Amino acid sequence: MEEVARAQELRKAGYVYIIRAGDTRWHKIGCSDTHPHKRLLGLQCANHLPLTLVQVIRTPQRVQLEREIHRQLTERGFSRRGEWFEFPASYGQPA
């Protein structure tokens, strides 16, 4: 039963988003079943830097897409703290 529930979770539609912390190169790559603006408001309460929602992707498989993005960024050597990644200056800011 646990495997079935996990497989269903992976196939859920929703959003993958990128949130930038202030003017830093740190970005949160996350997923949500509701619009990421709500997630942004929740995160802002616990962060001293202003947070900006810089990218939203609507997808039929939010968890799988988020994991794939995390995997690719990690493989490319981006610094990582949980779901927060430091984009090198050479990448500029995600649009």
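Rule-based calculations on the coordinates, nothing more; no lab input. Values in this document were obtained by computation on a predicted structure and should not be read as measured data. Cβ: placed from backbone, ideal geometry, glycine included. Neighbour counts: every protein chain shown.
Return the calculated 222 nm mean residue ellipticity for the chain, to the nearest 500 deg cm²/dmol, obtained by summing -39500 (n - 2.57) across DSSP H runs with n ≥ 4 and dividing by the residue count.
Values: 3 runs with 32 residues, N = 95.
Rounded to the nearest 500, it is -10000 deg cm²/dmol.
Each of [x] 0.99; [y] 0.95; [z] 1.13 is a candidate for Rg/Rh (Cα atoms, Kirkwood Rh); the one calculated from this structure is [x]. For the chain, the Cβ-based charge dipole about the Cα centre amounts to some 140 debye (Lys, Arg positive; Asp, Glu negative; other atoms uncharged). Here's how it looks for E83: its modeled amide H is under 5 Å from none belonging to a residue 5 or more places away or on a different chain. Derived scalar couplings between HN and Hα for the stretch 69-76 equal 5, 4, 4, 5, 5, 5, 4, 7 Hz in order, rounded to whole Hz, by the Karplus curve 6.51 cos²θ - 1.76 cosθ + 1.60 (θ = phi - 60°), x for Gly and Pro. Build a GNM of the chain with springs between Cα atoms under 10 Å apart, and of I57, I29, I18 the one that fluctuates most is I57.
Using 1/(1 + (r/R0)^6) with R0 = 22 angstrom and r between the beta carbons of Q61 and E86, what's the FRET efficiency to the nearest 0.05? Let's see the in-between values first.
Values: r = 26 Å, r/R0 = 1.19.
Once the sixth-power term is evaluated, E becomes 0.25.
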